[in-house]
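Contents: one structure, followed by commentary.
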Amino acid sequence: MAMSPLPWQYDRWRKLVELQDGGRLPHALLLSGPRGIGKQPLAEALIARTLCRAPGELACGECHSCRMLSAGYHPDLLSVTPTEKSRQIRVDAIRQVNGFVAQTAQQGGYRVIRIEPGEAMNVAASNALLKSLEEPGDRTLFVLVSDIPSRLLATIRSRCQHWSFAVPPLEVAEPWLSERLGSDDEARFWLSVAGGLPLLAEELAGADARQLRQDLRELFDALVRGGEPVGEAARLDAQSLDRILWYGISWLEDLIRLGLSGDSRRVRNADLLPLYRQAVKNARVRDWFRLLDYAREQRRLLAAGGNPNPQLVLEAWLVRWSALLRS
């Protein structure tokens, strides 16, 4: 089956097709938006159509080029992602890009370079990419996918046409997710938890993610009741630190909304309202803001490959939570 964009991307997709068919598609695109919004399916659809030998509205899915892509390898596509250990894209990977751009396309069409996430490039890698972005040669397409484009060097951003994607309308996202989850109520609940991001909502509804959320809910309840934070931290898988911090940030934002407005309709995690109300009684809003800043900074360091000790970060995080809940 040909790769295709998601329902809430159709208008943007038609514009991309129009630009491509008219020979006006730029040589470098930056696709940005929050994680879980569906940038990857759009990027994959565009790459497939660019490499296809007989494209229509989508890649044909049947030509030799499409079959190679479907099989997982195409000689004219280079995908660059961080090394698992460092979480960074280093300069050696970008040197491979520069060598790839200098070659002739083996299938006689386009050469496509996909870099994801773009903000994972360190400064040396970003600087090394500039020359290829400035002088890419004919029939070359760069597709940079980014969750946080502000972390890209300004010189990289300025050499790309930037397509930013917003949270889709609920009336489009909810039917899509309902079909995936088999339940309107489930779709509505998980879209709320995910802040309206459909692919993130689908991920959070998975069995493992549900269990982690349930474990964190029980931990939050234990802390509200005076539980010992270091002992509670030992019950969690520290390797899930990024997702734990994500949940913590989401719940802190809920607490702040509730504390400032008193309006329970504004919280994303409605099932946590009883715990929220107890927590709001125990600490001032400005203290929740401080904890929110701490969580965001720890998550940023984790994403930047700062290699923090997950167990220590988790314990320090829960000690701070506990101190507020008991104040």
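Answer yes if at least one residue in the range 242-257 is open to solvent by 10 Å² or more (accessible area, probe 1.4 Å) and of a type in the set (Ser, Thr, Tyr), and no otherwise. No; the residues of the range 242-257 include none that is open to solvent by 10 Å² or more (accessible area, probe 1.4 Å) and of a type in the set (Ser, Thr, Tyr).
A quick yes/no check of all residues on (1) farther than 28 Å from Asp21 by Cβ; (2) part of a helix (DSSP H, G or I); (3) polar (S, T, N, Q); (4) open to solvent by 50 Å² or more (accessible area, probe 1.4 Å):
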| residue | (1), (2), (3), (4) |
| --- | --- |
| Phe142 | no, no, no, no |
| His162 | no, no, no, yes |
| Pro168 | no, no, no, no |
| Trp176 | no, yes, no, no |
| Phe189 | yes, yes, no, yes |
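Taken residue by residue, the range 65-72 has at least one member that is open to solvent by 20 Å² or more (accessible area, probe 1.4 Å) and in a loop (DSSP other than H, G, I, E, B). Taking (1) free of Cβ contacts under 8 Å to residues at least 60 places away in the same chain; (2) touching a Pro at 6+ places or on another chain (Cβ under 7 Å); (3) under 25 Å from Pro168 (Cβ atoms) in turn, Ile89 satisfies each apart from (3). Among the criteria (1) open to solvent by 50 Å² or more (accessible area, probe 1.4 Å); (2) of a type outside the set (Val, Ile, Thr); (3) under 25 Å from Trp163 (Cβ atoms), the one Arg95 does not fulfil is (3). Going through (1) assigned to a helix (DSSP H, G or I); (2) more than 14 Å from Ile156 (Cα to Cα) one by one, Ala128 falls short only on (2). Selection within the range 38-58: residues that are out of contact with any Phe, Trp or Tyr (no Cβ under 7 Å at 6 or more places or on another chain) and among the basic types (Lys, Arg). The member of this set that is nearest to Pro5 (Cα to Cα) is Arg49.
Residues in the range 258-294 that are more than 25 Å from Val313 (Cβ to Cβ), open to solvent by 20 Å² or more (accessible area, probe 1.4 Å) and among the β-branched types (Val, Ile, Thr): Val280 alone.
The values are calculated or read from the model by the stated rules, or taken from the named source; none is laboratory data. This one's a predicted model, so the numbers in the text were calculated from it and none came from an experiment. Don't worry about glycine lacking a Cβ; one is built from the backbone with ideal geometry, like all the others, and counts go over all protein chains shown. All accessible areas refer to the heavy atoms of the entire protein, side chains included, with ligands and DNA or RNA removed. Shrake-Rupley method; radii C 1.70, N 1.55, O 1.52, S 1.80 Å.
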